[in-house]
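Novice: Let me give you the structure first, and then I'll get to my questions.
The values are calculated or read from the model by the stated rules, or taken from the named source; none is laboratory data. Everything quoted here is computed from the prediction, not taken from an experiment. Note that we place each Cβ from the backbone using ideal geometry, even for glycine, and neighbour counts take in every protein chain shown. The protein model used for the area step is the full one, side chains on, heavy atoms only, and it has no ligands, DNA or RNA in it. Shrake-Rupley method; radii C 1.70, N 1.55, O 1.52, S 1.80 Å.
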Amino acid sequence: MPKRSLSPLHRATTHGTTGRRILVAAVVIAALLGAAGLTAWFTSRGGQSKTGASPTAPAPNSPTTTAPKASAGTGSVPAPPKVTDPLAYARAAAVLLWSYDTRTTSRDQHLAGMNAWMTSETKYTDWTAISGQVPDPVLWSRMADNAQHATAAVGEAHFPSAFKQALAENPSAITEAYIYAVTVTGKQTIAWKNGGGGAEDRAVTLAVQCRPSSDCALVSLAPSVAP
């Protein structure tokens, strides 16, 4: 029976920083990083984030800066929901980040499916942060050899206190890009062949764009969870 270890679909990548700096709406920066002002650069990304059990050991990952084409399909990755509520979209996006199925979906298909959730506004989109949650091709192949797959259940989603405070202090700031910070909690359940598996509580703070009269889209994720 495989030995339980904490390895990633969404952790193997965290052995280094991406070094990428992108501009994100000021109110989101205040929320995610606790900045006092309403203008700043959202700098990513270091530290480590947990995932569930896996029969494979953690390994480094090379972030994918360009999304694969979706011509080969997106496998088990669902299409983004057409909703205008940032809390609802963040809940669905958290399930996206915590779920995968190497039995039916290639790494390129998984990345292409995730990219469909991203905002099309290149000024704000942080694909490096999102794609950096996916293991490198070698690790994905090892996971596929073990038929590893994960499902997720979301428990709760809320606007972090820093975000609400920043918005209260400057309500008009969000109208620049309509990007919201949302913290989501839930549980990820991982399984692999021969009956292996495990589960773990998860939490993430996401940046979600929801312009008026438009469907929401994913922007980025924070390097740490904002309460």
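Novice: Go through the residues of region 173-181 one by one and say whether even a single one is within 22 Å of R91 (Cβ to Cβ) and part of a helix (DSSP H, G or I). Talk me through it step by step, then tell me what you get.
Specialist: The initial filter retains those residues of region 173-181 that are within 22 Å of R91 (Cβ to Cβ), namely 174, 177-181.
Next, only the ones that are part of a helix (DSSP H, G or I) stay: 174.
Checked against the condition, which is being within 22 Å of R91 (Cβ to Cβ) and part of a helix (DSSP H, G or I), region 173-181 yields at least one hit.
Novice: Same structure again: In the set T125, T105, which member is farther than 20 Å from G198 by Cβ, touching a residue at least 40 places away in the same chain (Cβ under 8 Å) and part of a loop (DSSP other than H, G, I, E, B)?
Specialist: On the way: T105 fails: touching a residue at least 40 places away in the same chain (Cβ under 8 Å).
On inspection, the qualifying residue turns out to be T125.
Novice: Here's a follow-up. Going through region 108-122 one residue at a time, which ones are acidic (D, E) and either part of a helix (DSSP H, G or I) or touching a helix residue (DSSP H, G or I) at 6+ places or on another chain (Cβ under 8 Å) (or both)?
Specialist: Looking only at region 108-122, we keep the residues that are acidic (D, E), and these are 108, 121.
If the condition is that a residue be acidic (D, E) and either part of a helix (DSSP H, G or I) or touching a helix residue (DSSP H, G or I) at 6+ places or on another chain (Cβ under 8 Å) (or both), then D108 is the only one that fits.
Novice: So which residues in region 190-224 are of a type in the set (S, T, N, Q) and closer than 15 Å to T125 by Cβ?
Specialist: First, pick out the residues of region 190-224 that are of a type in the set (S, T, N, Q): 194, 205, 209, 213-214, 220, 224.
Within region 190-224, Q209, S214, S220 meet the criteria.
Novice: Restrict the check to region 172-190 and report whether at least one residue is free of Cβ contacts under 8 Å to residues at least 12 places away in the same chain, open to solvent by 60 Å² or more (accessible area, probe 1.4 Å) and out of contact with any Lys or Arg (no Cβ under 8 Å at 6 or more places or on another chain). Don't jump to the end; show me each part of the working.
Specialist: First, the residues of region 172-190 that are free of Cβ contacts under 8 Å to residues at least 12 places away in the same chain: 172, 175.
Cutting the leftovers down to open to solvent by 60 Å² or more (accessible area, probe 1.4 Å) gives us 172, 175.
Applying the additional criterion that residues be out of contact with any Lys or Arg (no Cβ under 8 Å at 6 or more places or on another chain) yields 172, 175.
The answer is yes, given that some residue of region 172-190 is free of Cβ contacts under 8 Å to residues at least 12 places away in the same chain, open to solvent by 60 Å² or more (accessible area, probe 1.4 Å) and out of contact with any Lys or Arg (no Cβ under 8 Å at 6 or more places or on another chain).
Novice: So, in region 114-160, exactly how many residues are polar (S, T, N, Q) and either open to solvent by 40 Å² or more (accessible area, probe 1.4 Å) or over 16 Å from the mean Cα position of the chain (by Cα) (or both)?
Specialist: From region 114-160, those polar (S, T, N, Q) are 115, 119-120, 122, 125, 128, 131, 133, 141, 146, 148, 151; that's our starting set.
From what's left, either open to solvent by 40 Å² or more (accessible area, probe 1.4 Å) or over 16 Å from the mean Cα position of the chain (by Cα) (or both): 115, 120, 122, 141, 146, 148, 151.
Here the count works out to 7.
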